[in-house]
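One structure is given here, and the rest of the page talks about it.
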Amino acid sequence: MKLSPESEAIVKATAGVVAEHAEDITKVFYPDMFAAHPELMRVFNKANQAIGEQPKALAASVVAYAVNLIDPDAPDFGPVMRRIAHKHVSLGIRAQEYTIVGHHLLKAVKTVLGDAITPEVGAAWDEVYWLFGTELIAEEAKLYALAGTDPTHPWRKYRVVERFDEGEDVFSLVLSPVEGEAPPHEVGQYVAIAVDLPNGERQPRQYTISSSPRGDLRVTIKRVHGVDGAPEGQVSNWLYDNARPGTILDLSQPAGDLVLDDSTGPLVLVSAGIGITPIAAILDDLSRRQPERTVRLFHADTSHANHALYKHLRRQVEWMSDAKAQNWYEEGAEDAPTIHPARSGFMDLSDIAVPSDCTVFMCGPLEFMRSARRALLDKGVSSERIHYEVFGPDLWAQNPDNAA
């Protein structure tokens with residue numbers, strides 16, 4: 001899609017100013033929109049709003065899209081667009097809600113930039129937004145259609161079949177549809193679970209499917225405690241206290257673009273903390289389909305006791321003919337019963353052998369993945385071969401090369 005010539009000239013002249021104030025604009029936009037449409041809080045993560053991640057992600061996305069429209073040398077925005085569409089589909093966002101978002105976003109631009117937003121400038125940025133929105137709506141419609149989901153009824157009832165404690169504050173739920181069969185999913189995808197909280201609010205959260213695409217779904221969840229000013233995890237705590245065999249939950253269709261393909265080359269899996277969940281799904285699938293594949297599993301955690309899915313992962317590594325694992329624990333590494341002796345402290349890949357032609361999947365905190373990515377690039381791994389998943393708004397997707 002392209003801007004009209006008139007709008008392109010205006011956006012080129014004003015993109016720097018909008019980018020400079022983008023975060024301020026979104027900080028005005030969200031409170032204004034939620035005041036007018038409180039029902040939209042049912043599809044937005046309140047924790048991400050509270051700590052500012054959602055405003056930053058929206059600001060970065062809109063600016064990156066605008067730059068893509070006016071700069072032929074800008075990075076391809078397609079992968080970011082598809083990732084956002086998957087997130088939206090998992091939350092049940094509908095096409096008509098883009099009108100509400102567009103109205104309040106442009107209103108916030110005018111509020112923050114004042115007289116600089118002439119009618120012509122406003123119209124140009126309105127055009128940017130609707131090109132952005134139209135592409136997302138089309139991509140989301142395709143994802144709904146491929147999954148056979150009615151976008152007016154995006155949630156499906158699942159029953160908790162089993163529950164397993166995986167470590168301190170970490171637990172797995174095995175889920176089966178109340179009616180029919182579970183929709184197919186690809187290895188590495190996630191679902192959103194929406195719960196009705198005691199205070200009357202409804203909140204969704206996204207959780208990786210930590211099992212392979214066979215049989216019932218398994219999600220592995222970490223109970224989130226409020227620390228350093230961050231709020232308690234409303235949904236994770238509710239599920240920790242209430243989700244037991246027989247509990248009925250609302251789930252989205254599977255979504256996510258970080259998926260395992262059918263290639264056979266060396267694979268490096270890098271994770272930290274609860275970021276082990278998509279890695280567990282990948283290893284579960286590979287141990288069945290490609291048990292001879294070369295796989296290196298690198299994981300960092302606070303301690304062995306907190307290493308979720310450890311026994312499950314160990315069985316899979318032992319089953320495969322060329323799979324090796326290395327763990328790093330901040331505490332008690334010397335006493336951890338691991339296949340290969342665990343190392344103390346934070347993950348350090350500097351002396352770890354990695355095939356230069358490997359494909360890499362990473363999941364964990366943003367700073368952890370930046371550090372791991374730098375180490376892998378230093379070892380000659382191509383940036384195009386490094387893939388990642390971020391839990392929550394993706395603050396890295398707009399330009400990961402600058403982030404590393």
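Points to keep in mind about this one:
- Pairs with Cβ under 7 Å, 6+ apart, first in the range 379-390 and surrounded by 15 or more Cβ atoms within 10 Å (Cβ to Cβ), second charged (D, E, K, R) and not in a strand (DSSP E or B): Ile386/Arg373
- Considering the range 8-28, the residues that are within 20 Å of Ala57 (Cβ to Cβ) and either of a type in the set (A, V, I, L, M) or in contact with a Gly (Cβ under 7 Å, 6 or more places away or on another chain) (or both) include one that is modelled with the lowest pLDDT, namely Ala22.
- Residue satisfying condition, being under 22 Å from Val224 (Cβ atoms) and either among the hydrophobic types (A, V, I, L, M, F, W, C) or buried (at least 16 other Cβ atoms within 10 Å of the Cβ) (or both), within set Asp169, Asp126, Asp165, Asp196: Asp169
- Residues (farther than 19 Å from Ala36 by Cβ and either assigned to a helix (DSSP H, G or I) or outside the structural domain of Ile70 (by TED's automatic domain parsing) (or both)) located in the range 89-121: Val89, Ser90, Leu113, Gly114, Asp115, Ala116, Pro119, Glu120, Val121
- Residue pairs meeting the criteria (Cβ under 8 Å; at least 6 apart or on separate chains; first within 29 Å of Ala13 (Cα to Cα), in the range 128-151; second β-branched (Val, Ile, Thr) and assigned to a helix (DSSP H, G or I)): Val128/Val11; Val128/Val62; Tyr129/Val62; Phe132/Val62; Gly133/Val101; Leu136/Ile84
- Among residues of the range 11-28 that are within 14 Å of Leu106 (Cβ to Cβ), those with a Cβ under 6 angstrom from a residue that is of a type in the set (S, T, N, Q), sequence gap 6+ or separate chain, pair up as Val28/Thr111.
- Test: residue in the range 134-149 that is assigned to a loop (DSSP other than H, G, I, E, B) and farther than 24 Å from Leu106 by Cβ: yes
- The strands (runs of 3 or more DSSP E) found wholly in the range 295-378 and carrying at least 2 residues that are aliphatic (A, V, I, L, M) and free of Cβ contacts under 8 Å to residues at least 60 places away in the same chain occupy 295-301, 323-329.
- Single residue of Gln234, Gln290, Gln203 found to be out of contact with any Pro (no Cβ under 9 Å at 6 or more places or on another chain), free of Cβ contacts under 8 Å to residues at least 40 places away in the same chain and not assigned by TED's automatic domain parsing to the domain that holds His88: Gln290
- Segments classed as strands (runs of 3 or more DSSP E), wholly inside the range 191-261, with at least 1 members that are over 19 Å from Val43 (Cα atoms), among the aliphatic types (A, V, I, L, M) and under 15 Å from the mean Cα position of the chain (by Cα): 217-222
- Of the residues making up the range 248-271, just one is under 27 Å from Ser176 (Cα atoms), touching a strand residue (DSSP E or B) at 6+ places or on another chain (Cβ under 8 Å) and surrounded by fewer than 16 Cβ atoms within 10 Å (Cβ to Cβ), namely Ile248.
- Verdict on Ile279 being β-branched (Val, Ile, Thr), assigned to a helix (DSSP H, G or I) and either without any contact (Cβ under 8 Å) to a residue 12 or more places away in the chain or closer than 25 Å to Asp165 by Cβ (or both): yes
- Being at pLDDT 95 or above and either touching a helix residue (DSSP H, G or I) at 6+ places or on another chain (Cβ under 9 Å) or over 21 Å from Ala194 (Cβ atoms) (or both) is a description that does not apply to Ile93.
- Test: residue in the range 291-314 that is under 27 Å from Leu91 (Cα atoms) and exposed (fewer than 15 other Cβ atoms within 10 Å of the Cβ): no
- Glu367 exposed (fewer than 15 other Cβ atoms within 10 Å of the Cβ), under 17 Å from the mean Cα position of the chain (by Cα) and modelled with pLDDT under 95: yes
The values are calculated or read from the model by the stated rules, or taken from the named source; none is laboratory data. Just so it is clear, the structure is predicted and the values come from calculations on it, not from any experiment. Cβ: placed from backbone, ideal geometry, glycine included. Neighbour counts: every protein chain shown.
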